[in-house]
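Before any comments, here is the structure.
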Amino acid sequence: MMKLYYAPGSCSLAAHLVLLETGLPFELDRVDLATRRTESGQNYLEINPPGYVPTLELSDGQRVTEVPVILQYLGDHAPKGGLVPPAGSMERYRIQSWLNFITSEIHKGFGPLFADDTPIHYRPALKDRLRQRFGHIAAQLNQTPYLMGEEFSIVDPHLWVMIKWTRMVGIDPDQWPSLVAFETQIGARPATRQALRTEDLTW
Ligand SMILES: N[C@@H](CCC(=O)N[C@@H](CS)C(=O)NCC(=O)O)C(=O)O
């Protein structure tokens, strides 16, 4: 069975959501990011040397790392398919552009806003940059219900976690009604409800 190493409410939630969407069997192992130990008693640095979550461990022990790659692995192996366009298609490159945009332009933009040691005067510029990036996302969601168009895909849970984070750092998503509609829609999916219960989140 596959295993996901995760920390509640972190970016690993995107992988947790997509795992549930696929219907594939999996187990969870919670990582304490302060001590780098897992709930099952392993040294997490031996599993993923940079020490961050998520890591997806396959049933044969091989490991897949980095959120955009884990999501694509899961989409490619979803028994019913339909969660990611086929490799080599133009649509696959399009979803990779979104995944990369979210991971590098949005996800990594949050890091300094969550850190206590970021100088206070630097925060407004960080938030402005993120607002500009979310504006780009909102422009797409003004046209289509999901990032890739009319159908839900692996990139939507990734985006959903990022929208949830905006509220934690004082960026008001209400300025983008299409983003809030998307947030409500993804938040109501059975997989999302289940993941939030399991991770004990009251989002
Ligand atoms: N490039 C990595 C980044 C993962 C990442 O930033 N994980 C955060 C949680 S959202 C983490 O574990 N941070 C703890 C640390 O870096 O020590 C990926 O895409 O998987």
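The values are calculated or read from the model by the stated rules, or taken from the named source; none is laboratory data. Everything numeric in this text was worked out from a predicted model, so none of it was measured. Here the Cβ is made from the backbone with ideal geometry for all residues, glycine too, and neighbour counts use every protein chain on show. These area figures cover heavy atoms from the full protein model, side chains too; ligands, DNA and RNA do not enter into them. Shrake-Rupley method; radii C 1.70, N 1.55, O 1.52, S 1.80 Å.
Sum -39500 (n - 2.57) across every DSSP H segment of at least 4 residues in the chain, then divide by the residue count to get the 222 nm mean residue ellipticity, nearest 500. That comes out to -14000 deg cm²/dmol.
For Glu151, the shell of other residues with beta-carbons less than 15 Å away shows a net charge of 0, using +1 for Lys and Arg and -1 for Asp and Glu. Looking at the stretch 76-170, the accessible area is 52 square angstrom per residue; that uses a 1.4 Å probe and ignores ligands, DNA and RNA.
Computed from the C-beta positions of Ala181 and Asn43 and an R0 of 45 Å, the FRET efficiency is 0.55 to the nearest 0.05. In summary, the lysines within cross-link reach of Lys108, defined as a Cα separation below 24 angstrom excluding same-chain residues under 8 places away, comprise Lys127, Lys164.
Around the amide H of Asp29, modelled in the peptide plane, lie the amide H atoms of Leu4, Tyr5, Tyr6, all under 5 Å away and 5 or more residues distant in sequence or on another chain. All other residues whose Cβ lies under 14 angstrom from that of Thr38 are scored, Lys and Arg at +1 and Asp and Glu at -1, for a net of -1.
When the Cα positions of Gln185, Ile171, Leu24 are compared along the charge dipole of the chain, Ile171 comes out farthest toward the positive end, with charges on each C-beta of Lys, Arg, Asp and Glu. The coefficient of translational diffusion for the stretch 35-76, derived via Stokes-Einstein from the alpha carbon Kirkwood radius under 37 °C and 0.692 mPa s, stands at 299 µm²/s. Once the chain from Arg94 to Arg193 is taken as fully extended at 0.36 nm per residue, the excess over their C-alpha distance is 32.8 nm. Rounded to whole numbers, the Karplus 3J(HN,Hα) couplings from phi for the stretch 42-47 are 8, 7, 5, 5, 7, 8 Hz, using 6.51 cos²θ - 1.76 cosθ + 1.60 with θ = phi - 60°, and x at Gly and Pro. Restricting to DSSP loop positions (anything but H, G, I, E, B) with no more than 11 other Cβ atoms inside 10 Å of their own Cβ, which trypsin sites (Lys or Arg not before Pro) remain in the stretch 1-108? Of the trypsin sites (Lys or Arg not before Pro), the ones in loops of the stretch 1-108 whose Cβ has at most 11 other Cβ atoms within 10 Å are Lys80. Restricting attention to the chain, close to 65% of DSSP beta bridges with both partner residues there are antiparallel. Please report the spacing between the Cα centers of the stretch 1-41 and the stretch 107-156 in Å, no decimals. Cα centres, the stretch 1-41 to the stretch 107-156: 23 Å. Dipole magnitude for the chain: about 320 debye, using +1 per Lys or Arg Cβ and -1 per Asp or Glu Cβ, origin at the Cα centre.
The length gained by stretching the chain between Glu150 and His77 to full extension, at 0.36 nm per residue less their Cα-Cα distance, is 24.1 nm.
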